[in-house]
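These notes are about the structure you will find just below.
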Amino acid sequence: MVTKQVDETGAETTDEAAAEAAEVQQDEEAVDATETEPEAGTDAKEDRPTGVGQGAAAVVSAALGLVSLTGSWLGTVAAARETLVGQLETAADAGVATQVKEVYGDAWQTSALWGGLFALTALIVGVVVLARPAFGTPGRTQDPWIKSVAWAGVSLGVLGLLLAVLKYTGVLLRLPSTG
């Protein structure tokens, strides 16, 4: 059974048509309301930096510090290359001390050099992350976890740099004596 109604304009409509028209009008009003009224708190979130870049840099700093302590693929390959170069350049009649230095000593120092480069990079990145708030938005504080991870990167970088210098100079794990 279809009933007829008279809408605001004076035209007759059926119940189904009136229900559809009312639903469309409600949807249009809802769209208009969302377009003109901003949601509470969205403006503050859009204007405020999230610190994602600082967090990522802090994690990279800690990872580089860890790599400086454990060794890297690049350092291993460079050390193996130095070993090969040392074997090729050392004469067969060279003394044992010369052979040990050329074949193993240079590779050891190359490994230390790459570890030191990773440690120095970790140290620089960590210090930049820690110093960043001084050059940013006034009143904006850095999240505590970012500071903690950045300090870990700085600490690992300092430790890795110290060990690399000690390894390179021969203070730590000196080449065996041949004489």
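The values are calculated or read from the model by the stated rules, or taken from the named source; none is laboratory data. Please read all numbers here as calculations on a predicted model, not as lab measurements. Positions of Cβ are generated from backbone atoms using ideal geometry, with glycine treated the same way; all protein chains shown enter the neighbour counts. Note: accessible area is taken over every heavy atom of the protein model, side chains too, but ligands, DNA and RNA are not part of it. Shrake-Rupley method; radii C 1.70, N 1.55, O 1.52, S 1.80 Å.
Peptide packing: for 144-153, 117-126, 166-175, the average count of neighbouring Cβ atoms within 10 Å per residue gives the ranking 117-126, 144-153, 166-175, highest mean first.
Based on protein heavy atoms only, the range 76-138 ends up with 60 Å² per residue of surface accessible to a 1.4 Å probe.
The local environment of residue 83, defined by Cβ-Cβ distances under 13 Å, has a net charge of -2 under the rule Lys, Arg +1 and Asp, Glu -1. Gain on full extension, evaluated as 0.36 nm per residue between residue 94 and residue 177 minus their Cα-Cα distance, stands at 28.3 nm. Give the shape of the range 38-162 as rounded, prolate or oblate, defined through the alpha-carbon gyration tensor: a ≥ b ≥ c are the square roots of its eigenvalues, a/c under 1.5 means rounded, and otherwise the shape is prolate if a/b is larger than b/c and oblate if not. Note, shape of the range 38-162 comes out prolate.
Peptides 56-62, 83-89 ordered by packing proxy, namely the average of other Cβ atoms within 10 Å per residue, highest first: 56-62, 83-89.
Between residue 143 and residue 70, the FRET efficiency from the beta-carbon distance, with R0 = 22 Å, is close to 0.20.
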